[in-house]
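To start, the structure under review is shown below, and the notes come after it.
The values are calculated or read from the model by the stated rules, or taken from the named source; none is laboratory data. What you see is a predicted model; the values in this text were computed from it and never measured. Heads up, the Cβs are rebuilt from the backbone with ideal geometry, glycines too, and the neighbour counts pull from every protein chain shown. Surface accessibility is based on the protein's heavy atoms, side chains included, excluding ligands, DNA and RNA. Shrake-Rupley method; radii C 1.70, N 1.55, O 1.52, S 1.80 Å.
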Amino acid sequence: DTAVSQTPKYLVTQMGNDKSIKCEQNLGHDTMYWYKQDSKKFLKIMFSYNNKELIINETVPNRFSPKSPDKAHLNLHINSLELGDSAVYFCASSRTGEGTQYFGPGTRLTVL
Amino acid sequence: AQTVTQSQPEMSVQEAETVTLSCTYDTSENNYYLFWYKQPPSRQMILVIRQEAYKQQNATENRFSVNFQKAAKSFSLKISDSQLGDTAMYFCAFMTPGGGGSNYKLTFGKGTLLTVNP
């Protein structure tokens, strides 16, 4: 019955590798987001998709590429991982105009 | 650009007592939402309470209530009868509703770490 799920929950990898994080929501929402939480716990929006269309793309390196195959899924692919990419990545979803965003459990990415 | 400020990095309270967490924000918008999210050690982001700016009545959810002062751009969270399970990082967040583009994003404060002591 998980509303917003993410896989994997933990990801440990070497610098230079490419990795993906998957997100799925079963709430029937049409907008999905990726947020990054840094080591100081600060949360910042990275991307947002509405009905599979990219609507927010904050200042994020080109190595990060989101992809939304349908309204229920939003994946995040990261190329050439760097030490500074270590963080917790949260997926969230909402219904257009409704306001409240519901978060997934987060993926802790550690780049060695 | 909207900004959200939480001036208390850490707070502590005794079990069963009341505590208030502060939040101020800056915006030129007239219609917006404000939220408090809590993040316990499990790291899950949990919605605590939300307030629509057009509503004058302060939102309440069980032991959690807000003091929303629109003119002062202040949105504090009061937790009554604090419980050990309330120990968490609390984030204040702002969002403008509707439309497209940046209107959808949540802008977060830096958080207040609340510890409830037995």
Practice task
Quick one: among A:G99, A:G16, A:G28, which has the greatest mean-square fluctuation in a GNM of chain A with alpha-carbon springs under 10 angstrom?
Solution key: A:G99
Completion exercise
Averaged over the residues of B:106-113, the number of partner chain Cβ atoms within 10 Å of each residue's own Cβ comes to 4
Fill in the blank from the handout: Sorted on mean Cβ neighbours within 10 Å (highest first), peptides A:80-89, A:60-69 come out as A:80-89, A:60-69
Completion exercise
Checked region A:4-111 against the a/c 1.5 cut and the a/b vs b/c comparison, axes a ≥ b ≥ c from its Cα gyration tensor; verdict prolate
Practice task
May I ask you to derive the relative contact order of chain A, considering only C-alpha pairs under 8 Å and at least 6 residues apart, and to give it as an integer percent?
Solution key: 37
Exercise for the section: Evaluate the distance, in nm, between pseudo-label points positioned 7 Å from the Cα of A:Y10 and of A:T96 along their respective Cα→Cβ axes. Expected result: 4.0
Completion exercise
One finds, for A:S39 and B:Q56 with R0 = 35 angstrom and r their Cβ-Cβ distance, a FRET efficiency to the nearest 0.05 of 0.35
Handout entry: Mean accessible surface per residue for the protein assembly as shown, computed with a 1.4 Å probe while every protein chain stays in place, in Å²
Key = 48
Problem - Per-residue average of Cβ from other chains inside 10 Å of A:96-106 - result: 6
Practice task
Could you please state how large a percent of the accessible area of chain B is carbon and sulfur, counting protein chains only and using a 1.4 Å probe?
Solution key: 45
Fill in the blank from the handout: Yeah, chain B with a ≥ b ≥ c from its alpha-carbon gyration tensor (a/c under 1.5 is rounded, else prolate when a/b outruns b/c, oblate otherwise) is prolate
Exercise for the section: Can you tell me the FRET efficiency between B:K78 and A:N57 if r is taken as the Cβ-Cβ distance and R0 is 30 Å, rounded to the nearest 0.05? Expected result: 0.20
